[in-house]
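Notes to accompany the following structure.
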Amino acid sequence: MTKEGEVLKCKHLKSKDEKVWEIVEEWYEPHRHDRSKRWIYRNKVNRVIPMSERSFYRSLARHRRRLLEAKEEDEERFD
């Protein structure tokens, strides 16, 4: 696979991760067991973006990693 193909794949994953993250942000409530991430996956995310539960959790991890990297870059820039 060429680097261009890899870049396109990453852009696709980034937008998909952002959509998943938006749905989770809208519906997730940490202390409510009936609004767990598993419930969100089964009832909200999987109906909009078909994927396995494992892919759902990977998507959340990738998005969280991107947020942390962006935060670290901002901190380095202002230090």
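Coordinate-derived values only; no laboratory data. Values in this document were obtained by computation on a predicted structure and should not be read as measured data. Glycine gets a Cβ as well: all are built from the backbone with ideal geometry, and neighbour counts include every protein chain shown.
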Original post:
By how many nm would the segment from Arg65 to Tyr28 grow when fully extended, if each residue of separation counts as 0.36 nm and the alpha-carbon distance is taken off?
Top reply: 11.4 nm
Subject >> Extended-chain gain in nm, criterion 0.36 nm per residue less alpha-carbon gap, Arg35 and Met51 >> reply: 3.9 nm
**OP:** Set the Förster radius R0 to 22 Å, insert the Cβ-Cβ distance between Phe78 and Glu18 as r into 1/(1 + (r/R0)^6), and round the FRET efficiency to 0.05.
**Re:** 0.35
